[in-house]
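Peer 1: My questions will all concern the structure given below.
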Amino acid sequence: MYEKRHIASTILTAAILATGISLPDTALAKDWVEKVSVKRDGIDTKAIRVSANMGGYTAIKTKKHKFLLKLHARATKGKRIVALKIGSFKGVQYFEADGNLWSKSFAHREVGSGSKRTVSKNYNPSLAMHHIRWSGGNPKARCDANLQNLKKKGQTKQQILSKKHQVKAYAYFELDAVAARKNKAKKGWKMSNTTNQRGGYKYEVMVTCSSANNVGN
């Protein structure tokens with residue numbers, strides 16, 4: 001009976017992979033990470049400003065934004081968190097290079113030197129706009145969308161651009177947590193004797209769509 005179930009499972013997995021449908025990260029491996037999350041920690045009142053002229057919105061005026069992040073990971077019983085990696089893109093992996101994408105890794109003493117089942121960290125990076133991946137459009141795109149929405153409601157382009165508007169944008173962050181067995185967590189952990197799991201988050205930021213009449217607003 002076990003052989004039949006094993007064969008059926010193997011055939012099903014092969015069929016899924018052949019169709020190009022992706023499986024969860026932990027579906028084919030031991031899962032030693034019980035929970036992983038990245039969230040906003042605190043109130044972020046700083047708005048990202050988008051400049052405008054009477055032709056429309058022109059550019060993201062803000063150069064950098066400080067993000068208030070809370071990183072959290074918990075390993076299963078008998079395992080320990082040995083590394084974390086936060087990035088602003090999908091598919092963050094601690095053991096993989098990221099090219100020009102932004103990420104930050106934490107290991108060794110930064111996560112308790114392999115002694116902790118649960119690791120929580122506050123991390124507040126100031127990121128340049130080109131390092132941020134957005135969900136649902138970047139701040140300029142959100143201002144453009146608001147412009148089109150207001151036009152559909154009957155306002156003229158001139159009326160819209162003569163005033164400031166507040167909209168929201170969502171920066172995407174993803175945290176990868178790596179766990180090892182307790183006897184390997186302090187020394188000797190590597191890709192082949194660990195497992196990982198990721199969690200993503202859409203971080204809401206306020207956006208000021210500037211008035212074309214006042215470049216200083």
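Peer 1: Can you give the translational diffusion coefficient of the stretch 33-209 in µm²/s, computed by Stokes-Einstein from the Kirkwood radius over Cα pairs at 4 °C and 1.567 mPa s?
Peer 2: Values: Rh = 17.9 Å.
In µm²/s, the coefficient rounds to 73.
Peer 1: For each pair in 85/116; 66/157; 39/182; 35/202; 79/190; 61/85, compute the distance between the two Cα atoms and list the pairs where it is over 24 Å. Spell out each step's value before the answer.
Peer 2: Values: 85/116 16 Å; 66/157 32 Å; 39/182 27 Å; 35/202 18 Å; 79/190 14 Å; 61/85 29 Å.
Listed pairs above 24 Å: 66/157; 39/182; 61/85.
Peer 1: Among the chymotrypsin sites (Phe, Trp or Tyr not before Pro) within the stretch 46-147, which fall in a DSSP loop and have no more than 15 other Cβ atoms within 10 Å of their own Cβ? Let's see the in-between values first.
Peer 2: On the way: sites: 57, 67, 89, 94, 95, 102, 106, 123, 134; in loops: 67, 89, 94, 95, 102.
For chymotrypsin sites (Phe, Trp or Tyr not before Pro) across the stretch 46-147 that sit outside H, G, I, E and B with at most 15 neighbouring Cβ atoms in 10 Å, the list reads 95.
Peer 1: Now for a separate question. Two-decimal Rg/Rh of the stretch 123-194 from alpha-carbon positions, Kirkwood Rh? Walk me through the numbers on the way to the answer.
Peer 2: Numbers: Rg = 22.1 Å, Rh = 16.4 Å.
Dividing the radius of gyration by the Kirkwood radius yields 1.35.
Peer 1: Near residue 131, within a Cβ-to-Cβ distance under 14 Å, what is the net charge of the other residues, with Lys and Arg +1 and Asp and Glu -1?
Peer 2: +3
Peer 1: What percent of all Cα-Cα pairs in the stretch 90-137 falls in each 10 Å bin, counting up from 0?
Peer 2: 18, 43, 31, 8, 0
Peer 1: With an 8 Å Cα cut-off and a minimum separation of 6 or more residues, compute the relative contact order for the stretch 58-205 in percent.
Peer 2: Numbers: 276 pairs, mean separation 48.4, N = 148.
Worked out over the stretch 58-205, it gives 33 percent.
Peer 1: Using only Cα atoms, locate the centre of the stretch 35-100 and the centre of the stretch 118-136, then give the distance between them in Å, rounded to an integer.
Peer 2: Rounded to whole Å, the Cα centres lie 2 Å apart.
Coordinate-derived values only; no laboratory data. Everything numeric in this text was worked out from a predicted model, so none of it was measured. Backbone-built Cβ (ideal geometry, glycine too); neighbour counts: all protein chains shown.
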